[in-house]
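What follows is a short report on a single structure.
The values are calculated or read from the model by the stated rules, or taken from the named source; none is laboratory data. On a predicted model such as this, the values are computed, not experimentally measured, just so you know. All Cβ positions, glycine included, derive from the backbone under ideal geometry; neighbour counts span all protein chains shown. SASA here: full protein model, heavy atoms, side chains in, ligands and nucleic acids out. Shrake-Rupley method; radii C 1.70, N 1.55, O 1.52, S 1.80 Å.
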Amino acid sequence: MIAEVIVEITSSNVDKVFDYLIPNFALESFSTLVGRRVLVPFGNRKIEGYIINTKESSNLDSSKLKEIIKFLDENPVILPEMLNLMKFMVEEYNLKKVDVLRLFIPSEMRGEKIKPLYVNAYQKVENFDLNSFICKKNAKKQQEIIDFLKNNEIIEAEQVKNFSDSAIKTLVNLGVIKKIPQEKYRTPKSNLQIENAKITLNNYQQKAVDGITAAGTYLLHGVTGSGKTEVYMHLIERILKENKTAIMLVPEISLTPQVLQHFTERFGENVAILHSGLSAGERFDEWRRLLSGNAKIAVGARSCIFAPLTNVGIIIIDEEHDGSYMSESNPRYNTIEIAKFRSKQNGCPLVLGSATPSLESYSKVIDGEYNLFELPVRANGKDMPEIQIVDMLGEIRCGNTGIFSRSLLANLEECMSEKNQAMIFINRRGYSSFMMCRECGYVAKCSDCDVSLVYHKAENKLKCHYCGKRFHVLDVCPECGSKAIKQGAIGTEQVVLELKKYFPDIPIFRMDNDTTRNKNGHEKILSEFRNHKPSILVGTQMIAKGHDIPNVTLVGIVDADQSLYQSHYKSAERTFALITQVSGRAGRSDKLGKVILQTYNPKHYVYKFAKLYNYKGFFDKEINLRKATGFPPYSTIVRLLISADSEEVAYEKTKNIIQKVREIKEQDKENFVYLDAMKSPVGRVKNKFRFQVLMRVVNWEKIRKQVYALCDNEKDSKISLFVEINPQNLS
Ligand code: ADP
Ligand code: ZN
Ligand code: ZN
């Protein structure tokens, strides 16, 4: 018998499947060989691989075939469903098989970097008659063990500490008892305590729970605070009763201890959590609890869609519009498409939840492809918080050149004096966005990337947010020697320092990528914030999502325009979503909330619709714009991203590729809304030069195979070439 094996080689562009002989012992001892991890000879090395198929014979000369050296696990680690998914992803996204397989197992598993943890339990040796055993005088400790084992089969691992170590050792040596290794799962624990009151669903929630049964895709459009989580949990409860499993995804950023706590409190050991904040051991064990069927609900961020579950009864994607569901580095994929594939394979519902669904998703509702359920009111029965739009140009005209409007300051004063809490949102970390010479316009840039550096005051360093490199702060301009250095747009650090001037006695917390690096970083800041009244939390996107903190009555959006003027077709949509999400943090319990939104463009349609919480109005306006301009969902944006160490090489390759794409276009002119090649907006990252072929096509399916084939032809060792479909980031 022959096994088809995908081997773990990284450096090569080859994506081949190799044939290996299956050793006889394996044929006898395993019922399934497919999906097993093996060690195989490769050249003069031994490397890991995965069996993806078995067959009677190979096309190769049998004398050339080598034999599998060893099987690395007791059971298959890749389920049959996942092998189908692999094929789908390879075809859909032009990926290498091995890159896809790597998504399916915890990275720590490769190279045996981590192993299961075993602890000892004890048991009487078979055939030994405990009653005939007579302890030596005074060996009380031994007698305790004997007595225990007369009434109990096993001293469980966690009971071992109740007995004397040396007595156990003696009895083992005497052949009375023996060790039995038991696996101990490393399970992540949260210290957060929240009340989990028993909740009766309201009519809207009940209707959704009752309606989401058959296979298919559902959009759950519920305003912030409408109780979507409760709907998810009821759905999962039902699935568990049917003896099926569930996958629940939330964006990494809102994967808060609070959410996790809710799920573990409701479902106990049935929940396994997969996210990047876990230790390697925890992640490995949580994954294996799912594989073995010990846990039936996988809760996690994007990659949790690959949870090793069989018999999936429901897949839920919360905040489905969130950009983090797109993987934008190799291997690139769209989580929603993967979820659809898995839901089809399992014949189960897929639920997409959001207060601000993506335009793509909502237009699928209109086209009848998705079923819609709405939760139009807050679960607490309260109104949505009022959004006050403040014109910052007006502030300047009145002599206020600070970063806070008079209204925001007045509302903060009031909020603090009433001992409530406020959240201030600014979507940029660090102190200021760049440093620039006022005299000659020189801007400090990264030496390895074509991007300007961000000033971080606490460390007094300039940092590249692309590669992480640090640089000295500019005191004088390196070009003209001027000392007139200007700073760009404000970031979280500066907002905190400014706030401290106005509120010296109020605790102010900051939550962004810089303050949450450590394990449980989020949790620490959030629980500090929760425990201080009054207090203020300043933060980036991180504070926008998911949090349910009852005493937050005020939300300030310092610079709403920031996301509006990014040159991306989604910038209006994202701004609308962001405002809605951040505003949704205020007034979630019995206190009324208020939002102050600062902008230089108070008349922009995004703000008008956001103020009224009018998602449908916004959708209609925006979808018409997309239609008129031929942007998604009326087309698919495809970017072929070419990068190389040498600018020349990348440029030449790009020229070849665009030439070939133009040939495809010749045959299918109507399909192309746009096609061009250029240097990428960020022309260099980590010292690699980047070019792109950019196209917008009406029917991507139709030309996908052709484009991938031409990419495969052009790939060589000097360049890397990736295909991106509707990327979130076009830099
Ligand atoms: P969403 O995810 O839609 O923003 P959440 O699921 O966080 O909203 O729910 C907001 C709050 O409403 C939570 O504190 C939740 O416990 C509460 N809640 C949910 N459903 C109900 C209900 N039927 N009755 C009362 N409170 C509810
Ligand atoms: Zn200068
Ligand atoms: Zn850099």
Single condition LEU375 does not satisfy, out of (1) out of contact with any helix residue (DSSP H, G or I) (no Cβ under 6 Å at 6 or more places or on another chain); (2) touching a residue at least 60 places away in the same chain (Cβ under 8 Å); (3) closer than 30 Å to ALA215 by Cβ; (4) of a type outside the set (Gly, Ala, Ser): (1)
Positions within the range 193-239 being open to solvent by 30 Å² or more (accessible area, probe 1.4 Å), aliphatic (A, V, I, L, M) and under 13 Å from ILE315 (Cα atoms), in sequence order: ALA214, ALA215
Return only the number of the condition from (1) closer than 29 Å to ASP514 by Cβ; (2) polar (S, T, N, Q); (3) in a helix (DSSP H, G or I); (4) open to solvent by 50 Å² or more (accessible area, probe 1.4 Å) that GLN345 does not satisfy. (1)
Just to verify a result, which residue in the range 563-605, among those that are in contact with a strand residue (DSSP E or B) (Cβ under 6 Å, 6 or more places away or on another chain) and charged (D, E, K, R), is farthest from MET416 (Cα to Cα)? ARG585
Is it the case that THR224 is part of a loop (DSSP other than H, G, I, E, B), at pLDDT 85 or above, at negative phi and within 16 Å of ligand 1 (Cβ to nearest atom)? yes
Does the range 486-495 contain at least one residue that is under 27 Å from the mean Cα position of the chain (by Cα), of a type in the set (D, E, K, R), assigned to a loop (DSSP other than H, G, I, E, B) and more than 16 Å from ligand 1 (Cβ to nearest atom)? no
Only one of (1) closer than 30 Å to LYS463 by Cα; (2) surrounded by fewer than 23 Cβ atoms within 10 Å (Cβ to Cβ); (3) not basic (Lys, Arg) fails for ILE424. Which number is that? (2)
Being within 16 Å of ligand 3 (Cβ to nearest atom), open to solvent by 70 Å² or more (accessible area, probe 1.4 Å) and without any contact (Cβ under 8 Å) to a residue 60 or more places away in the chain is the requirement here; does LYS501 meet it? no
Please specify each residue of the range 271-288 satisfying the condition of being assigned to a helix (DSSP H, G or I) and open to solvent by less than 50 Å² (accessible area, probe 1.4 Å). ALA280, GLY281, GLU282, PHE284, ASP285, GLU286, TRP287, ARG288
Looking only at the range 289-328, count every residue that is among the basic types (Lys, Arg) and open to solvent by 40 Å² or more (accessible area, probe 1.4 Å) and tell me the total. 2
Can you tell me how many residues within the range 138-160 are open to solvent by 70 Å² or more (accessible area, probe 1.4 Å), in contact with a helix residue (DSSP H, G or I) (Cβ under 6 Å, 6 or more places away or on another chain) and touching a residue at least 24 places away in the same chain (Cβ under 8 Å)? 1
Of the listed residues (VAL649, VAL682), the one being within 16 Å of ligand 3 (Cβ to nearest atom) and open to solvent by less than 80 Å² (accessible area, probe 1.4 Å) is VAL682
In the range 634-647, is there at least one residue being within 28 Å of the chain's Cα centre (by Cα) and outside any strand (DSSP E or B)? yes
Might you let me know whether the range 66-89 holds any residue that is more than 30 Å from PRO23 (Cα to Cα) and either open to solvent by 30 Å² or more (accessible area, probe 1.4 Å) or not charged (D, E, K, R) (or both)? yes
Could you tell me which residue of the range 685-717 is farthest from ligand 3 (Cβ to nearest atom), considering only residues that are more than 24 Å from LYS627 (Cβ to Cβ) and of a type in the set (S, T, N, Q)? GLN706
Looking only at the range 370-396, and only at residues there that are open to solvent by less than 40 Å² (accessible area, probe 1.4 Å) and of a type in the set (D, E, K, R), the one that is nearest to GLU360 (Cα to Cα): ARG378
For the range 458-481 the number of residues that are free of Cβ contacts under 8 Å to residues at least 60 places away in the same chain, more than 16 Å from ligand 2 (Cβ to nearest atom), farther than 12 Å from MET435 by Cα and open to solvent by 50 Å² or more (accessible area, probe 1.4 Å) is 6
Are any residues in the range 652-674 surrounded by 16 or more Cβ atoms within 10 Å (Cβ to Cβ) and in contact with a Lys or Arg (Cβ under 6 Å, 6 or more places away or on another chain), and if so, which ones? PHE672, VAL673
Any chance ARG470 is of a type in the set (Lys, Arg), within 16 Å of ligand 3 (Cβ to nearest atom) and under 25 Å from MET542 (Cα atoms): yes
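A quick yes/no check of all residues on (1) free of Cβ contacts under 8 Å to residues at least 12 places away in the same chain; (2) under 30 Å from ILE579 (Cβ atoms); (3) of a type outside the set (Ser, Thr, Tyr):
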site: SER279; (1), (2), (3): no, no, no
site: ASP285; (1), (2), (3): no, no, yes
site: ARG288; (1), (2), (3): no, no, yes
site: ILE297; (1), (2), (3): no, no, yes
site: ARG302; (1), (2), (3): no, yes, yes
site: PRO308; (1), (2), (3): no, no, yes
site: ILE316; (1), (2), (3): no, yes, yes
site: MET326; (1), (2), (3): no, yes, yes
site: ARG332; (1), (2), (3): no, yes, yes
Please name all residue pairs, on different chains or six or more residues apart, with Cβ atoms under 6 Å, provided the first residue is in the range 558-574 and is touching a residue at least 24 places away in the same chain (Cβ under 8 Å) and the second residue is buried (at least 18 other Cβ atoms within 10 Å of the Cβ) and polar (S, T, N, Q). VAL558/GLN598; ALA560/THR599; ASP561/THR599; GLN562/ASN427; SER563/THR575; LEU564/THR575; ARG574/SER563
Pull up the range 240-270, narrow it to residues that are under 18 Å from the mean Cα position of the chain (by Cα) and more than 15 Å from ligand 1 (Cβ to nearest atom), then point me to the one that is surrounded by the most Cβ atoms within 10 Å (Cβ to Cβ). ILE247
Can you say whether GLU528 is under 24 Å from SER407 (Cβ atoms), of a type in the set (Asp, Glu), part of a helix (DSSP H, G or I) and more than 16 Å from ligand 2 (Cβ to nearest atom), as far as the supplied structure shows? no
Here the residues within the range 689-723 that are modelled with pLDDT under 95, closer than 19 Å to TYR466 by Cβ and either of a type outside the set (Phe, Trp, Tyr) or surrounded by fewer than 18 Cβ atoms within 10 Å (Cβ to Cβ) (or both) are SER720
Mind telling me which of the residues SER563, SER643 ends up being of a type in the set (Ser, Thr, Tyr), crowded, with 20+ Cβ neighbours inside 10 Å and within 16 Å of ligand 3 (Cβ to nearest atom)? SER643
Show the residue pairs that are 6+ apart or on different chains and have beta-carbon atoms under 8 Å apart, the first residue being within the range 425-450 and within 16 Å of ligand 2 (Cβ to nearest atom), the second being polar (S, T, N, Q) and assigned to a loop (DSSP other than H, G, I, E, B). CYS437/SER482; ARG438/SER482; GLU439/SER482; CYS440/SER482
Among the numbered conditions (1) more than 30 Å from LEU526 (Cα to Cα); (2) at pLDDT below 95; (3) surrounded by 15 or more Cβ atoms within 10 Å (Cβ to Cβ), tell me where SER583 comes up short. (1)
Considering the range 428-448 alone, what residues qualify as being surrounded by fewer than 18 Cβ atoms within 10 Å (Cβ to Cβ) and not in a loop (DSSP other than H, G, I, E, B)? VAL443, LYS445
